[in-house]
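Notes follow the structure.
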Amino acid sequence: MMYKQYKLPLIVFIMTFILLAFVQIKVERPMILAERFLKGSGWVEIFLISCYGAFVVNKMKDPMNVPKWRKICWTTFSLVFFTQLIIGLSGFDKFLMTGKLHLPIPMMILAGPIYRGQLSVMTILFLSTVILTGPAWCSQLCYFGAFDNLSSGGKSSKEILKYKGAIKSTVLIFVIAMAIILKWMHAGMLVSTLIAIAFGVGGILIMILYSLKRKKMVHCVMYCPIGTIVNVFKHINPFRMHIDQSCTLCMNCTKFCKYDALNPLDIKNAKPAITCTLCGDCLAGCHHNSIKYKFLKMSPEQARNLYLILTISLHASCLALARI
Ligand code: SF4
Ligand code: SF4
């Protein structure tokens, strides 16, 4: 009985510990922050971060707690990321990954490699998370999306975000075309950086002007090209969300989805829209337990547990490793 209660935290603790221990042993330059200050102390940090992962999964194993704890841990992740960046930029370069700075805007994950003609560490990290967990990048791993999640706080409005498919495809094509043109024109770093900053500021304005008002993550759903890539490429991973026949069409779950994926038509079709990130918030809004995780032949409970184990172990590991 006792073992069953602590099974998920124990698995997340072990998985996070193994993942970070591998990095600690195999990578030559210390990647765990504490190790950069005192030899051997990286192991203490790995232990504490693994405890953090166990704590988070223990809170989130109850679906009713997911909206609150996902917000807390995603915000924490982003604050740790940006605090390290600010300290690093103030001259303490131990807080930076390699010292080769790039703008902390998700769009750079796509535009950067096109412009430079080579993959970056962040792009490889991003692709690995999509392969392992499908869309979890956009529900608890992205340093930028956490702010859109905060801006859209409270119960979502029932207003549908119209033309989202057309708008997000246009932005994606625009970003790719712009990166190709800048490369082709041999545009200097200054011009490219200014364009990227303008794009980032545009994103922040969308959060302030639209996400805040609509109580939906308008920036992530309609503007961010990485979100669009996640929406498409998440399908290489077998995790899915579906609505079973016990659904009474009460539409209560709509208020819990910040990704505009549970509109009346989606609920009638028994499947969240393409913008679903498998965040799990809607499970707390369904009084009939009709919304379920799916993974191959697993039961919904097993599928959800596996999803929590993978995403939270990855979230905790990235908390220790993600910096620029
Ligand atoms: S849509 Fe963009 S900003 Fe939002 S979580 Fe995904 S990558 Fe981050
Ligand atoms: S449908 Fe549910 S799991 Fe998917 S994004 Fe919306 S709230 Fe999250």
Check your understanding: Is there a residue being on the phi > 0 side of the Ramachandran plot, more than 16 Å from ligand 1 (Cβ to nearest atom) and free of Cβ contacts under 8 Å to residues at least 60 places away in the same chain anywhere in region 295-304?
Key -> yes
Check your understanding: Which one of 249, 265 is within 16 Å of ligand 2 (Cβ to nearest atom), in a helix (DSSP H, G or I) and either under 24 Å from residue 164 (Cα atoms) or of a type in the set (Asp, Glu) (or both)?
Key -> 265
Check your understanding: Of all residues in region 62-99, how many are over 22 Å from residue 281 (Cβ atoms), surrounded by fewer than 17 Cβ atoms within 10 Å (Cβ to Cβ) and polar (S, T, N, Q)?
Key -> 3
Practice item. Could you check how many residues of region 273-285 are away from ligand 1 (no atom under 16 Å from the Cβ) and surrounded by 21 or more Cβ atoms within 10 Å (Cβ to Cβ)? Key: 3
Study note, to complete from the structure: Given the conditions (1) of a type outside the set (Phe, Trp, Tyr); (2) more than 23 Å from residue 153 (Cα to Cα); (3) surrounded by fewer than 18 Cβ atoms within 10 Å (Cβ to Cβ), every one holds for residue 204 apart from (2)
Review point. Given the conditions (1) crowded, with 19+ Cβ neighbours inside 10 Å; (2) among the hydrophobic types (A, V, I, L, M, F, W, C); (3) in a helix (DSSP H, G or I), and given that residue 241 satisfies all but one, which numbered condition is not satisfied?
Key: (3)
Review point. Which residue out of 236, 167, 197 is exposed (fewer than 13 other Cβ atoms within 10 Å of the Cβ) and more than 28 Å from residue 294 (Cβ to Cβ)?
Key: 197
Check your understanding: How many of the residues in region 297-324 are at pLDDT below 95, among the hydrophobic types (A, V, I, L, M, F, W, C) and not in a helix (DSSP H, G or I)?
Key -> 2
Practice item. State which residue pairs qualify: first residue within 26 Å of residue 123 (Cα to Cα) and inside region 212-228, second residue hydroxyl-bearing (Ser, Thr, Tyr) and assigned to a loop (DSSP other than H, G, I, E, B) in any location, beta carbons under 8 Å apart, and separation of 6 or more residues or different chains. Key: 217/152; 217/259; 218/152; 220/259; 221/259; 221/275; 227/275
Exercise for review: Among the residues of region 126-159, write down those that are part of a loop (DSSP other than H, G, I, E, B) and either more than 10 Å from ligand 1 (Cβ to nearest atom) or in contact with a Lys or Arg (Cβ under 6 Å, 6 or more places away or on another chain) (or both).
Suggested key: 152, 153, 154, 155, 156, 157, 158, 159
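Is region 150-167 home to any residue that is under 13 Å from the mean Cα position of the chain (by Cα) and more than 18 Å from residue 205 (Cβ to Cβ)?
no
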Revision key, fill the gap. Residues of region 268-288 being more than 6 Å from ligand 2 (Cβ to nearest atom) and part of a helix (DSSP H, G or I), in sequence order, are 268, 283, 284, 285
Study note, to complete from the structure: Wholly inside region 11-92, helices (runs of 4 or more DSSP H) that include 2 or more residues that are in contact (Cβ under 8 Å) with a residue 40 or more places away in the chain and more than 21 Å from residue 309 (Cβ to Cβ) are 33-37, 66-89
Review point. Restricting region 1-54 to residues that are surrounded by 12 or more Cβ atoms within 10 Å (Cβ to Cβ) and either touching a strand residue (DSSP E or B) at 6+ places or on another chain (Cβ under 7 Å) or basic (Lys, Arg) (or both), which is modelled with the lowest pLDDT?
Key: 36
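The values are calculated or read from the model by the stated rules, or taken from the named source; none is laboratory data. For clarity, every value in this text was computed on a predicted model and none was experimentally measured. Positions of Cβ are generated from backbone atoms using ideal geometry, with glycine treated the same way; all protein chains shown enter the neighbour counts.
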